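For reference, the structure is listed below as structure tokens.
The values are calculated or read from the model by the stated rules, or taken from the named source; none is laboratory data. Quantities reported herein were computed from a predicted structural model and do not represent experimental measurements. For neighbour counting, all protein chains shown are included, and Cβ atoms are generated from backbone atoms with ideal geometry for every residue, glycine included.
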Amino acid sequence: MNEDNIRVPVFVITGFLESGKTSFLNMTLRQDYFMIDDTTLLINTEQGEREYKPNVLLQFDTDYTEITDQAQFTKEKLEELDREFEPARVLLEYNPLWGVKNLEEMELPEGWGIVQEIVTVDASTFQVYVANMKSLFVDMSRNAEIVIFNRCTKDMPLANFRRSIKVVNPACQVLFEDVNGDMTDIFEDTVPYDLDADVIEVEDVDYGIFYVDVREHPERYKGKTVRFKGRVMKQSRLGKGYFVPGRMAMTCCADDTTFIGYLCESRSTPKLKTGNWVDVIAEVDYKYSDVYGEEGPVLTAKAVKNAMPPEVDMVYFS
């Protein structure tokens with residue numbers, strides 16, 4: 001449904017049992033940015049350890065109801081709730097065992113439409129759930145806008161957690177909270193690839209991080225050899241023997257994309273065709289270039305080979 005035709009926006013919050021869905025919604029209701037003058041309807045489809053406090057719901061003009069039997073979660077039941085509560089928006093704490101895809105394909109009351117899907121994850125149990133219920137987790141994450149890992153500790157492989165989401169949904173924003181509920185930046189002091197390797201391997205899902213970090217931290221990359229996949233861009237203004245291996249990046253929305261990449265000098269340049277995908281192994285240096293109008297990363301190719309396109313060629317920076 002076109003969002004312009006949505007009368008009642010539906011916000012879906014899902015995640016495995018005890019993943020922090022109720023805590024997230026309790027926190028969200030208190031935020032200034034989430035306040036509205038009209039009624040919010042909170043629909044809960046499963047029972048967890050934490051509950052919603054009636055006085056808090058009343059304070060934030062939120063009506064509450066439960067549908068814990070999947071057979072009762074129907075368009076007709078939701079239409080009944082629409083007539084009873086006349087909500088301006090709906091918060092749906094959704095049981096993932098019912099299938100998020102089923103929800104996405106379900107016919108909703110007239111004027112209702114899903115506008116955002118958020119997944120909460122208990123980082124301490126994530127690996128166990130993925131090992132045993134991977135298909136369900138993929139179902140949850142495929143169209144999520146945000147995945148929040150909570151209860152994170154420094155000894156957890158958080159970069160791997162992020163990558164497991166990004167390979168399913170590259171556009172998803174992946175956030176991490178520590179045990180106190182505070183947001184943490186897992187790449188504040190590092191990156192999701194080995195900077196000490198003889199050849200730094202940059203995976204497709206990490207190209208956005210690489211693109212930003214290589215400009216901001218020359219000390220990490222100068223003289224290092226990197227390997228990544230990019231699409232060839234050739235222009236006369238780049239200079240003889242130079243091309244740019246890069247990717248299309250989404251900067252804020254689907255209509256706002258741009259090609260990003262850095263100058264690369266290669267003896268193979270004359271043979272390369274604009275638009276083709278290549279696997280590049282190159283040494284990183286920093287030089288002044290008229291293309292940049294300042295000093296910036298300039299690569300010297302050690303090898304450039306034709307490559308198959310990645311599953312998702314768009315770059316996202318989260």
Among helices (runs of 4 or more DSSP H) lying entirely in segment 21-134, which contain 3 or more residues that are modelled with pLDDT under 90? 21-29, 54-59
Which numbered condition in (1) of a type outside the set (Lys, Arg); (2) more than 20 Å from Ile148 (Cβ to Cβ); (3) in contact with a Phe, Trp or Tyr (Cβ under 8 Å, 6 or more places away or on another chain) is the only one that Asp38 fails? (3)
Tell me yes or no: at least one residue of segment 41-64 is within 13 Å of Leu91 (Cα to Cα), of a type in the set (D, E, K, R) and touching a helix residue (DSSP H, G or I) at 6+ places or on another chain (Cβ under 9 Å). yes
Considering only segment 270-278, I want to know if a residue exists there that is under 29 Å from Asn160 (Cβ atoms) and not hydroxyl-bearing (Ser, Thr, Tyr). yes
Considering (1) among the acidic types (Asp, Glu); (2) part of a loop (DSSP other than H, G, I, E, B); (3) touching a residue at least 12 places away in the same chain (Cβ under 8 Å), say which one Asp196 fails and leave the rest. (3)
Quick check on Glu66: is it free of Cβ contacts under 8 Å to residues at least 24 places away in the same chain, surrounded by fewer than 17 Cβ atoms within 10 Å (Cβ to Cβ) and assigned by TED's automatic domain parsing to the domain that holds Leu29? yes
Residue count for segment 151-162, restricted to those that are under 26 Å from Met27 (Cα atoms), out of contact with any Phe, Trp or Tyr (no Cβ under 8 Å at 6 or more places or on another chain) and either assigned to a strand (DSSP E or B) or free of Cβ contacts under 8 Å to residues at least 12 places away in the same chain (or both): 2
Determine, yes or no, whether Leu42 is in contact with a strand residue (DSSP E or B) (Cβ under 6 Å, 6 or more places away or on another chain) and surrounded by 16 or more Cβ atoms within 10 Å (Cβ to Cβ). yes
Return only the number of the condition from (1) free of Cβ contacts under 8 Å to residues at least 60 places away in the same chain; (2) surrounded by fewer than 17 Cβ atoms within 10 Å (Cβ to Cβ); (3) farther than 30 Å from Asn102 by Cα that Ser124 does not satisfy. (3)
Sort out which residues of segment 289-310 are touching a residue at least 40 places away in the same chain (Cβ under 8 Å) and β-branched (Val, Ile, Thr), and write them in order of number. Val291, Val304
Only one of Ile165, Ile186, Ile146 is outside the structural domain of Val119 (by TED's automatic domain parsing), closer than 24 Å to Phe24 by Cα and in contact with a Cys (Cβ under 9 Å, 6 or more places away or on another chain). Can you tell me which? Ile186
One residue is enough: does segment 203-217 have a residue meeting the conditions in the same structural domain as Lys271 (by TED's automatic domain parsing), touching a Gly at 6+ places or on another chain (Cβ under 6 Å) and without any contact (Cβ under 8 Å) to a residue 40 or more places away in the chain? no
